[in-house]
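Presented below is the structure to which this report refers.
All of the numbers you see were taken from the coordinates with simple rules; none came from a lab. Model, not experiment: these values are computed from the prediction. Heads up, the Cβs are rebuilt from the backbone with ideal geometry, glycines too, and the neighbour counts pull from every protein chain shown.
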Amino acid sequence: MKGRMAIFKGAHMPFDLRDYPLPQVGESDLLVSVSMSMVCGSDLHYWRGDLQSGMVAKHGEAVMGHEMVGRVYAKGASVTTDSNGALIKEGDRVVYTYFAGCMNCPRCLRGETASCPNKKMFVHHQAGQPPYFTGGFADYFYLSRGNYFFKVPDSLPDSMVAPINCSFSQVYFGLHLAEVRVGESVVIQGAGGLGLYAAAIAKERGANPIIVIDGIQGRLRMAHDFGASHTIDLTQHTTPAERVARVKEIVGPAGADVVVEVVGVPSAIVEGLQMTRMGGRYAVLGQVSAGEAGTIQFMPAMLLGKNIVSAACYDGWVLPKALDFLARTKDRYPFDKMVSHTYPLADITKAFQDSEWSRPGAHNLPVTRTAIVP
Ligand SMILES: [Zn+2]
Ligand SMILES: [Zn+2]
């Protein structure tokens with residue numbers, strides 16, 4: 001038995017599709033048959049060359065793909081339940097964290113696996129090494145012990161579940177860290193996938209008003225469907241000063257209780273801090289691109305007295321909460337519209353080319369989340 005795996009060769013290079021033998025499944029591991037994998041914004045940063053893959057620099061190629069959902073194809077003898085205690089059998093649909101804490105450090109001891117300095121991530125792996133299937137752009141995925149995994153409720157389609165182990169959980173954890181409370185004002189910088197998720201999560205936490213900032217009309221319309229009470233159009237409020245003024249017009253002169261950065265542009269940080277009230281919280285969740293944030297003045301009251309929180313990954317408890325959130329609220333928000341395009345694995349190069357957000361016409365698309373269905 002063999003399965004296919006797409007191999008990343010570097011920025012703008014066609015992926016190689018290779019066959020590898022299905023590995024023997026270890027005592028505590030799972031082999032998952034992938035049903036859907038997302039092209040994450042971070043994958044696109046590597047594709048565009050904004051970020052350099054250490055694995056590609058060293059070996060000329062890498063295994064890629066970390067947002068996915070699939071079915072248990074084979075399981076080790078000792079695997080009887082998911083990480084929450086639900087019974088697991090072959091054929092069950094599962095999602096899993098794309099990283100695992102070392103479980104042997106002071107951070108893991110406190111359950112803070114997102115902050116583990118030794119955590120294993122399957123963002124880029126060496127290609128051609130057993131158990132081969134170490135990335136989501138493939139027919140199979142080998143899930144080692146240490147990655148929390150959870151059974152998916154039947155009520156949720158793949159297109160809602162595939163993005164949740166990265167983007168959705170990242171935002172869910174970020175708003176937890178920022179402690180968004182009932183009646184608090186929330187500003188969200190960016191209405192891509194993360195921004196739309198942030199609006200829905202803020203709404204469910206009882207926030208009001210919820211202001212979403214973006215420059216694409218379709219996204220701003222979507223933001224209202226995902227719970228925004230107000231939107232600010234970058235094409236009409238073209239300077240940071242105008243946008244800060246507009247936010248204060250809505251929430252009052254002190255600024256917003258919570259501001260959430262999910263735009264990925266470093267310069268947004270200075271602007272977001274200006275929108276945050278003294279004693280408020282600024283959550284930095286979307287900065288996966290390299291670059292300078294500009295100069296941040298601690299004095300006068302630009303930053304002093306404001307709290308910055310940030311997240312890269314999330315603690316393990318978040319993923320089952322994310323599943324539960326989607327199951328409860330899927331009829332209130334159009335989560336099913338988050339996947340805009342679907343491609344077979346054989347067309348993965350085209351999927352990346354078409355997802356390139358700087359290509360002509362891309363700005364007309366409301367959301368450009370692309371899925372690969374093997
Ligand atoms: Zn991701
Ligand atoms: Zn650890």
(message) Please compare each pair in LYS89/LYS119; LYS151/LYS337; LYS75/LYS203; LYS75/LYS119; LYS119/LYS203 to a cut-off of 30 Å on the Cα-Cα distance and tell me which ones are over it.
(response) LYS75/LYS203; LYS119/LYS203
(request) Whole Å is fine, so just give me how far the alpha carbon centre of the stretch 213-291 lies from that of the stretch 51-70. (result) 32 Å
(request) Mind giving me the nanometre distance, one decimal, between the label points for ASP324 and MET278, set 7 Å out from Cα along Cα→Cβ? (result) 3.9 nm
(message) So, R0 is 41 Å and r is the distance between the beta-carbons of GLN217 and GLU112; what FRET efficiency does that work out to, to 0.05?
(response) 0.55
(message) Tell me the Rg and the Dmax, in Å, that the Cα atoms of the chain produce.
(response) 20.6, 66
(message) On a straight-distance basis, which lysines could pair with LYS58 in a cross-link, Cα separation under 19 angstrom, same-chain partners fewer than 8 positions away excluded?
(response) LYS9, LYS120
(request) At 7 Å along the Cα-to-beta-carbon direction for both SER340 and TRP317, put a label point, then send me their distance in nm to one decimal. (result) 3.6 nm
(request) For each of LYS58, LYS120, count neighbouring Cβ atoms within 10 Å of the residue's Cβ, then give the residues from fewest to most. (result) LYS58, LYS120
(request) Indicate the gyration tensor shape class of the stretch 309-352 (rounded, prolate or oblate), computed on the Cα atoms with a ≥ b ≥ c the square roots of the eigenvalues: a/c under 1.5 is rounded; otherwise a/b larger than b/c is prolate and the rest oblate. (result) oblate
(request) Quick one: go through the stretch 174-188 and flag any residue whose amide nitrogen is under 17 Å from the point 7 Å out along the Cα-to-Cβ line of ALA254. (result) 179-187
(message) Modelling each spin label as a point 7 Å along the Cα-to-Cβ direction, I'd like the ASP331/GLN24 distance in nm, to one decimal.
(response) 5.0 nm
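Express in nm, to one decimal, how much length is gained between MET121 and VAL265 on full extension, taking 0.36 nm for each residue of separation and deducting their alpha carbon distance.
Values: separation 144, 0.36 × 144 = 51.84 nm, distance 2.38 nm.
Net length gain for the segment: 49.5 nm.
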(request) Sort CYS108, CYS166, CYS116, CYS102 so the one with the fewest other Cβ atoms within 10 Å of its own Cβ comes first. (result) CYS102, CYS108, CYS116, CYS166
(request) Once you have the Kirkwood Rh of the stretch 167-310 from its Cα pairs, apply Stokes-Einstein at 20 °C and 1.002 mPa s and quote D in µm²/s. (result) 147 µm²/s
(request) Could you line up ASP92, ASP19 from fewest to most neighbouring Cβ atoms inside 10 Å? (result) ASP19, ASP92
